[in-house]
Amino acid sequence: MSNLEFFKNQAKKFLKDWRTQTQTVESDDIVLNQYDSKFYDIQGLFLYYELDEKDEQDIKLSRAQHFIAQMVGFKKWDDLIHATDIELELAEFLLRRFKDAEQIMRWEELTGAPTITPDNAAELFEYAKYIYEMDERVKIPFLPSEQISVLSGKPRTAQLNEFDDVHSPNSQLRKDSYVFCPHCQKAFNFNQSKVIKENSTNRTMVVCKNFPSCKGMYIDYKVLSPTILYGPARQYELERGINDFPHLSMNKKIECLHCGDKYLYSETKVVIDPDDGEAWIHCKNYPNCSGNPLDFMDAE
Ligand SMILES: [Zn+2]
Ligand SMILES: [Zn+2]
């Protein structure tokens with residue numbers, strides 16, 4: 001089902017707002033356009049799009065349509081008219097949230113302002129849903145206490161278990177991470193975090209163990225303990241290691257000169273250094289052994 005009607009209506013609303021234009025001449029002969037807008041922040045948007053004086057006075061529906069298309073990532077209105085369903089779904093989702101220039105600016109900064117295409121629309125839509133969902137979740141700790149509950153038992157554990165080796169909502173945090181909350185300046189084990197829920201929506205948020213006196217959230221945490229990577233991220237780094245050290249290969253038996261242990265290269269550990277955020281390959285016996293690829297000898 002096409003939602004083109006939605007965009008046509010929005011272009012009309014944009015035009016309606018644009019038509020509220022009044023001009024005041026400042027003492028230094030500068031003409032100032034002002035708007036009494038109801039739907040869109042015309043003044044802010046035109047400032048963001050750097051419209052000049054003449055352009056700003058050229059008020060037409062076709063131009064309002066162009067702005068609507070441009071705001072959500074199409075080059076022109078005609079591209080919007082001929083877009084696929086998923087492109088239009090994404091565009092509608094964004095436009096419903098893009099009432100002022102700040103919202104557009106943030107989206108363009110986060111994504112690099114890509115033109116919507118059938119190829120990137122689904123991925124961009126997932127990302128858009130994720131960031132707007134997150135906008136709602138970061139409000140939860142600040143809600144009045146009667147609107148939230150602190151989870152315990154299984155529901156709590158289930159949320160913390162999402163921070164696993166493969167699907168951590170924050171790529172560095174793990175259930176067993178040792179973390180620092182910059183709001184209350186306390187360090188603790190991640191699994192001491194509290195999990196709170198907004199009662200009306202069932203949205204949850206993992207918060208500082210000192211909640212409610214501290215409103216820190218997991219996205220604010222700094223991971224203190226080095227993180228050992230697993231899954232595809234680990235595989236990627238191991239392959240990168242082979243590029244850097246051609247004497248290695250995935251099923252090669254190696255000997256670590258540090259601890260003397262012999263094992264396959266594919267058994268080594270990949271560790272994110274908390275100081276520089278870089279991934280490094282370590283001996284299988286990390287953290288007990290500090291061996292690295294320079295210490296790995298051919299064991300055969
Ligand atoms: Zn805290
Ligand atoms: Zn070793």
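For the residues K209, K197, the requirement of being surrounded by 15 or more Cβ atoms within 10 Å (Cβ to Cβ), charged (D, E, K, R) and part of a loop (DSSP other than H, G, I, E, B) singles out K209.
Can you find a residue in the range 246-269 that is aliphatic (A, V, I, L, M) and under 30 Å from S193 (Cβ atoms)? Even if it seems obvious, please write down each step before you answer.
Taking the range 246-269 first, the residues aliphatic (A, V, I, L, M) are 248, 250, 254, 257, 264.
Applying the additional criterion that residues be under 30 Å from S193 (Cβ atoms) yields none.
No, because not a single residue in the range 246-269 is aliphatic (A, V, I, L, M) and under 30 Å from S193 (Cβ atoms).
Scanning the range 164-211 for residues that are touching a residue at least 24 places away in the same chain (Cβ under 8 Å) and of a type in the set (G, A, S), we see that the one that is farthest from ligand 1 (Cβ to nearest atom) is S200. Considering the range 212-237, and only residues there that are buried (at least 20 other Cβ atoms within 10 Å of the Cβ) and either within 16 Å of ligand 2 (Cβ to nearest atom) or part of a loop (DSSP other than H, G, I, E, B) (or both), the residue that is modelled with the lowest pLDDT turns out to be L229. Going through (1) of a type outside the set (G, A, S); (2) touching a Gly at 6+ places or on another chain (Cβ under 9 Å); (3) surrounded by 13 or more Cβ atoms within 10 Å (Cβ to Cβ) one by one, R137 falls short only on (2). If you go through the range 171-182 and keep only what is surrounded by 17 or more Cβ atoms within 10 Å (Cβ to Cβ) and either assigned to a loop (DSSP other than H, G, I, E, B) or at positive phi (or both), you end up with Q172, L173, R174, S177.
Filtered by the rule that a residue be over 12 Å from L224 (Cβ atoms) and surrounded by 19 or more Cβ atoms within 10 Å (Cβ to Cβ), the range 183-193 gives a lone residue, S193. Taking the condition more than 30 Å from Q147 (Cβ to Cβ) and within 16 Å of ligand 2 (Cβ to nearest atom), does L264 pass? So L264 passes the test. Determine whether K75 is at pLDDT 95 or above, surrounded by fewer than 17 Cβ atoms within 10 Å (Cβ to Cβ) and part of a helix (DSSP H, G or I). For K75, the condition - at pLDDT 95 or above, surrounded by fewer than 17 Cβ atoms within 10 Å (Cβ to Cβ) and part of a helix (DSSP H, G or I) - is not met.
Scan the range 203-220 residue by residue and report those that are farther than 13 Å from C181 by Cβ and within 21 Å of the chain's Cα centre (by Cα). Don't jump to the end; show me each part of the working.
Keep residues of the range 203-220 that are farther than 13 Å from C181 by Cβ, which gives 203-205, 212.
Once the filter is applied, which keeps residues that are farther than 13 Å from C181 by Cβ and within 21 Å of the chain's Cα centre (by Cα), the range 203-220 yields R203, T204, M205.
Conditions (1) touching a strand residue (DSSP E or B) at 6+ places or on another chain (Cβ under 8 Å); (2) within 16 Å of ligand 2 (Cβ to nearest atom); (3) modelled with pLDDT under 90, marked per residue:
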{"site": "E146", "(1), (2), (3)": "no, no, no"}
{"site": "K154", "(1), (2), (3)": "no, no, no"}
{"site": "Q172", "(1), (2), (3)": "yes, no, yes"}
{"site": "V179", "(1), (2), (3)": "yes, no, no"}
{"site": "P182", "(1), (2), (3)": "yes, no, no"}
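Restricting the range 45-72 to residues that are surrounded by fewer than 18 Cβ atoms within 10 Å (Cβ to Cβ), modelled with pLDDT of 95 or more and in contact with a helix residue (DSSP H, G or I) (Cβ under 6 Å, 6 or more places away or on another chain), the residue that is nearest to N9 (Cα to Cα) is L61.
Being in contact with a Lys or Arg (Cβ under 7 Å, 6 or more places away or on another chain) and of a type in the set (S, T, Y) is the filter here; which residues of the range 128-178 pass it? Answer for the range 128-178, where residues must be in contact with a Lys or Arg (Cβ under 7 Å, 6 or more places away or on another chain) and of a type in the set (S, T, Y): Y132, S149, S168. Screening I281 with (1) within 16 Å of ligand 2 (Cβ to nearest atom); (2) within 30 Å of K186 (Cβ to Cβ); (3) crowded, with 19+ Cβ neighbours inside 10 Å; (4) aliphatic (A, V, I, L, M) gives one miss only, at (2).
Condition (residue is aromatic (F, W, Y) and under 28 Å from the mean Cα position of the chain (by Cα)) applied to the range 237-259: is it met by at least one residue? Step through it out loud before you land on a result.
Residues of the range 237-259 aromatic (F, W, Y): 245.
Remaining after also requiring under 28 Å from the mean Cα position of the chain (by Cα): none.
Looking through the range 237-259, none of the residues is aromatic (F, W, Y) and under 28 Å from the mean Cα position of the chain (by Cα).
The values are calculated or read from the model by the stated rules, or taken from the named source; none is laboratory data. Just so you know, these numbers come straight off a predicted model, no measurement behind them. When we count neighbours, we look across all protein chains shown, and the Cβ atoms used for this are built from the backbone with ideal geometry, even at glycine.
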